[in-house]
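The values are calculated or read from the model by the stated rules, or taken from the named source; none is laboratory data. Remember, it's a predicted structure, so these values are computed and weren't measured experimentally. Every residue, glycine as well, gets a Cβ built from its backbone with ideal geometry; the counts of neighbours run over all protein chains shown.
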């Protein structure tokens, strides 16, 4: 893909230990979620929550790196996408990463596996999938699909499942890497 469209919903995985751990723990092909932003100086950018906090990153970091990725595009207007991007950028850009939230999400997943319900406390700090969920909830056309999810306890896989089940709202535009058949973990 030569450029990333504003509002594109991207999922990635890599061969590093953290990515593999997250994919194993969340039973997913992907460990990271990020959102296409606007192009700057002919450079496609994305907004993501990383260990550096919520930042803008060039798309080429993922496109040309050792990453597997899957890109969906929401079937919503340009205006709706731009309003949602501006909302999350203004609200979360430069916020610290949600390390505590990541740990609590792991606790929640582990407890659910043994039948115990646990809801992590609300927090301003986000993990990558929480940032994408905030974006999706800021898009009125698709917000209802995610109404029962909370940013402190959502994995990339949970978001991806909704997109795959609603092809009338999301279209798959590109897949790269070992996850192209969505069966290799």
So, residue 168, is that one assigned to a loop (DSSP other than H, G, I, E, B), modelled with pLDDT of 95 or more and surrounded by fewer than 18 Cβ atoms within 10 Å (Cβ to Cβ) or not?
yes
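When residues of the range 65-85 are filtered for being within 23 Å of residue 12 (Cα to Cα) and part of a helix (DSSP H, G or I), how many remain?
Of all residues in the range 65-85, those within 23 Å of residue 12 (Cα to Cα) come to 65-76, 81-82, 84-85.
Pick out the ones that are also part of a helix (DSSP H, G or I) and you get 81-82, 84-85.
Selection size over the range 65-85: 4.
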Just wondering, is there one or more residues in the range 96-112 that are part of a loop (DSSP other than H, G, I, E, B) and crowded, with 18+ Cβ neighbours inside 10 Å?
yes
Find the residue count for the range 1-55, including only residues that are assigned to a strand (DSSP E or B), at pLDDT 80 or above and out of contact with any strand residue (DSSP E or B) (no Cβ under 6 Å at 6 or more places or on another chain).
4
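Does residue 121 satisfy being surrounded by fewer than 16 Cβ atoms within 10 Å (Cβ to Cβ), modelled with pLDDT under 90 and closer than 16 Å to residue 7 by Cα? Working first, answer last.
Numbers: surrounded by fewer than 16 Cβ atoms within 10 Å (Cβ to Cβ): yes; modelled with pLDDT under 90: yes; closer than 16 Å to residue 7 by Cα: no.
The answer is no for residue 121.
Restricting attention to the range 71-88, does a residue exist that is under 21 Å from residue 21 (Cα atoms) and either crowded, with 17+ Cβ neighbours inside 10 Å or in contact with a helix residue (DSSP H, G or I) (Cβ under 9 Å, 6 or more places away or on another chain) (or both)? Can you show your working first?
Filtering the range 71-88 down to residues under 21 Å from residue 21 (Cα atoms) leaves none.
Looking for residues that are under 21 Å from residue 21 (Cα atoms) and either crowded, with 17+ Cβ neighbours inside 10 Å or in contact with a helix residue (DSSP H, G or I) (Cβ under 9 Å, 6 or more places away or on another chain) (or both), one finds none in the range 71-88, hence no.
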